Amino acid sequence: MKLASIDVGLKRIGVAICLDGKNIFPQDAIIRRNREQAAHDVRGALKEWEIEKLVVGLPLDGTSSAEMQRRIEHFVSLLQLDIPVVYQDEQNSSQEAKERSVGIFKDKRDGKIDSIAASIILERYLKRL
């Protein structure tokens, strides 16, 4: 099954794909100008890769997660997908992504760390299966 994961943020959306059930590849992050444009870009990427299931990172740590959860679920509804969507706890995935990439990336605004966080979310999901 071809899977993708997204790490939805207010400025960028990290994206990762897994086309063979084993190997996960971070993709270029989607820079968010507005919700509609970001939803269009995510939808286009999912179609391009022929993704069969989307894994969405969701904060379940309790600190301000209710508001972020509402925003993420609203964004996912804008995608209007006809594939299954599952949610995976993303707690500390961004911090782990930063730790994994220490000394590698200089510009934090390019979204590479966001896409590594999406990869971590997808790794966690695959470990649950």
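The values are calculated or read from the model by the stated rules, or taken from the named source; none is laboratory data. All figures in this text were calculated on a predicted structure; none of them were measured in a lab. All Cβ positions, even for glycine, are placed from backbone atoms using ideal geometry, and neighbour counts span all protein chains on display.
The table below lists the values:
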quantity: Lone qualifier among 42, 55, 76, 86 - being out of contact with any His (no Cβ under 7 Å at 6 or more places or on another chain), at pLDDT 95 or above, part of a strand (DSSP E or B) and surrounded by 14 or more Cβ atoms within 10 Å (Cβ to Cβ); calculated: 55
quantity: Residues within the stretch 1-38 that are of a type in the set (A, V, I, L, M), surrounded by fewer than 20 Cβ atoms within 10 Å (Cβ to Cβ) and not in a loop (DSSP other than H, G, I, E, B), tallied; calculated: 1
quantity: The stretch 15-41, residues that are closer than 18 Å to residue 78 by Cβ, in contact with a Ser or Thr (Cβ under 8 Å, 6 or more places away or on another chain) and not β-branched (Val, Ile, Thr); calculated: 29
quantity: Contacts under 6 angstrom Cβ, first residue in the stretch 12-29 being among the charged types (D, E, K, R), partner part of a loop (DSSP other than H, G, I, E, B) and crowded, with 16+ Cβ neighbours inside 10 Å, 6 or more apart; calculated: 12/29; 12/111
quantity: So residue 93, is it in contact with an Asp or Glu (Cβ under 7 Å, 6 or more places away or on another chain), of a type in the set (Ser, Thr, Tyr) and at pLDDT below 90; calculated: yes
